[in-house]
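Quick notes on the structure that follows.
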Amino acid sequence: MELTLSKYIAFPKEFVWGCAAAAYQVEGAWNEDGKGPSIWDTFVHTPGHIANSETGDVTVDHYHRYQEDVALMKSLSLDAYRFSISWTRVLPTGTGHVNQSGLDFYDRLVDELLKHEIEPYACLFHYDLPQALQDQGGWPKRETAFAFADYAHVVSERLSDRVKVWMTHNEPWVTAMAGYGDGEHAPGIKDIPAAFKALHHLLLSHGLAAEAIRASARQPVKVGITLNLNPVHPASESKKDRDAASRMDTVLNRSTLDPLLKGTTPIQEFAIGRLLAGSLIKPGDMEKIRTLDLLGVNYYTRTVAKYDSKFPVVAAVQVHPEGREYSGMWEIYPEGIYELLMRIWNDYLRPLQAGAAPGTKMPEIMITENGIPVPDGLDFDGHVRDERRIRYLKDHIAQVHHAMDEGVPVKGYFHWSLMDNFEWAWGFSQRFGLVYVDFKTQKRTIKDSGHWFTRLIQEDGFEY
Ligand code: GCO
């Protein structure tokens, strides 16, 4: 009989435990109180883009129910809440006229969080570009980066007396590649050169916004970014597949990590990059991009890559190995979060430990998203017995702890997500919350995983 000795996994008292969400996915009120249309409002109102033609018009109505939701966060004992700000609620056309009612909502939300001793982590951008700016070219256009910096200034001026931690972007790679590359996300454009231009301008806008936030901040602030990162494994040990995995890693991971943490870009390793680099990257851009107080890592799964010449740029395709466990969207691969943290530490952060050159101070590192979509439901007694999510949490948080044991200074973990919400092209079909939402009645019910997460936070650890 195999004896599996359980062990207690303990975290430092100052470790930050939180949940993450995003404006378009939870707020609703898509056209209320002066808010302008974003590309997601346009995208979901165009038939064929979203499963079951669902929209975020109302979603979980956080705009009106934020006090109830903050009380839920308190009951979960969260230390922090990572939310995003809707650019068009603040600047309806992206530039110019400031909608004070929009800023007032975020004022109220921040005050409610602080009243409940929950630290606000404000993310300025989570996919929802103002439609008016997309009409002028969107992220493939360099001017958009400067408009973003102006937006950052407006928000920082209003909130930075209370908000100490700022993320400029959520997953710039997804914004660029899913929005302008494969078109799965808004604005639904399929143009690979445009996607690479968008990625560079998104990273440049991070640097410009960081300057703007710091310039208008009314107290010392941390400015970070959150990146979607996956360890990439070859589908076989063949040279073709190993080379395919290396190319996939360059496009998926190094395309954001290198500029932000090394001040270089690997895109010239590809023909498309060599074609674009000269006109796209202006003198001084890479220095502007290389500024980071906090690196947020969004981890869900690994990528298994197989050589396939049919696929442009990387000549590789993601495959899904047999015999593995899958959730509603991905392979479940807990060791991947350990592998990823070790890679970031060894390849990017530890070399900065000395903090030699200006602007190369080693940033803090946090897990800013991790979670699993499973088809939860209410049992007869009103409970949501989401054991799979509890197992996912235990396995992944144990791997984070393993990386910390190996010296990686992880400072926090944010679960994706607080509540079930609108999962982009998947509509409401994928539930990620620690809190179950009946989308018809808006009734919130804390799932068993939410109760487990609360005990973890209160006890700073768990039996594994
Ligand atoms: C992302 C986003 C979230 C998603 C979550 C689950 O990583 O795509 O940050 O908006 O909802 O990751 O897919």
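The values are calculated or read from the model by the stated rules, or taken from the named source; none is laboratory data. All values derive from a computational prediction rather than experimental measurement. Quick reminder, even Gly has a Cβ in these numbers, built from the backbone with ideal geometry, and neighbours come from all protein chains shown. For the accessible areas, the whole protein counts, side chains as well, though only heavy atoms, and no ligand, DNA or RNA atoms are used. Shrake-Rupley method; radii C 1.70, N 1.55, O 1.52, S 1.80 Å.
Take the Cα gyration tensor of the range 241-336, multiply each eigenvalue by 5, square-root it, and list the three semi-axes largest first, rounded to whole angstrom.
29, 19, 8
Which of the lysines could a cross-linker span from residue 310 if the Cα-Cα distance has to be under 27 Å and same-chain partners fewer than 8 positions apart are dropped?
Residue 310 reaches 190, 197, 239, 240.
Kindly identify the range 390-441 as rounded, prolate or oblate by the Cα gyration tensor criterion: order the square roots of the eigenvalues as a ≥ b ≥ c, call it rounded if a/c is under 1.5, otherwise compare a/b with b/c, prolate if a/b is larger, else oblate.
The shape class here is prolate.
Let me check something: with ligands and nucleic acids excluded, how do 150, 104 order by accessible area (1.4 Å probe), largest to smallest?
Ranked list, largest accessible area first: 150, 104.
Quantify, in whole percent, the carbon and sulfur part of the accessible surface of the chain (1.4 Å probe; protein heavy atoms only).
Result for the chain: 53 percent of the exposed heavy-atom area is carbon or sulfur.
Sum -39500 (n - 2.57) across every DSSP H segment of at least 4 residues in the chain, then divide by the residue count to get the 222 nm mean residue ellipticity, nearest 500.
Mean residue ellipticity, 222 nm, calculated: -11000 deg cm²/dmol.
Considering Cα pairs under 8 angstrom that are at least six residues apart, work out the relative contact order of the range 1-121 and quote it in whole percent.
It comes to 31 percent, rounded to a whole number.
Express the Stokes-Einstein translational diffusion coefficient of the range 296-387 in µm² s⁻¹, to the nearest whole number, given a Kirkwood radius over alpha-carbon pairs, 20 °C and a viscosity of 1.002 mPa s.
Value of D from the Cα-based Kirkwood radius: 128 µm²/s.
Please tell me the relative contact order of the chain in percent, rounded to the nearest whole number, where contacts are Cα pairs under 8 Å and at least six residues apart.
Worked out over the chain, it gives 18 percent.
Quick check for you: which residues of the range 413-436 have the amide N under 20 Å from the point 7 Å beyond the Cα of residue 379 toward its beta carbon?
Inside the label zone: 420, 431-436.
Averaged per residue, what accessible area in Å² does the chain show with a 1.4 Å probe, protein chains only?
Each residue of the chain exposes 38 Å² on average to a 1.4 Å probe.
Could you order 7, 74 by accessible surface area, starting with the largest, using a probe radius of 1.4 Å?
I get 7, 74, largest accessible area first.
Over the range 57-204, calculate the relative contact order: mean separation of alpha carbon pairs under 8 Å at least 6 apart, over the residue count, as a percent.
22
Restricting to bridges with both residues inside the chain, how much of the DSSP beta-bridge set is antiparallel, in percent to the nearest 5?
25
Tell me, what does the Kirkwood hydrodynamic radius of the range 73-208 come to in angstroms if you use every pair of distinct C-alpha atoms?
15.4 Å is the Kirkwood radius here.
Thinking of the chain as a set of Cα atoms, what percent of all their pairs are more than 35 Å apart?
Across the chain, Cα pairs with separations above 35 Å total 26 percent.
Beta carbons within 10 angstrom, averaged per residue: use that to sort the peptides 199-210, 423-434, 232-243, highest first.
199-210, 423-434, 232-243
In terms of modelled amide H atoms, which long-range or inter-chain residues lie less than 5 Å from the amide H of residue 61?
When sequence neighbours closer than 5 places are left aside, the close amide H contacts are 28.
Can you sort 264, 454 by 1.4 Å-probe accessible area, starting with the largest?
The ranking, largest first, comes out as 264, 454.
Which trypsin sites (Lys or Arg not before Pro) from the range 290-330 combine a DSSP loop assignment with at most 14 other Cβ atoms within 10 Å?
310, 324
Can you tell me which lysines have their Cα less than 26 Å from the Cα of residue 440? Leave out same-chain residues fewer than eight positions away.
35, 74
If packing is taken as the average count of other Cβ atoms within 10 Å, what order do 138-148, 313-323 fall into, highest mean first?
Highest to lowest by the protection proxy: 138-148, 313-323.
Over the C-alpha atoms of the range 202-247, what are the Rg and the largest Cα-to-Cα span, Dmax, in Å?
Cα-based Rg and Dmax for the range 202-247 come out at 18.8, 55 Å.
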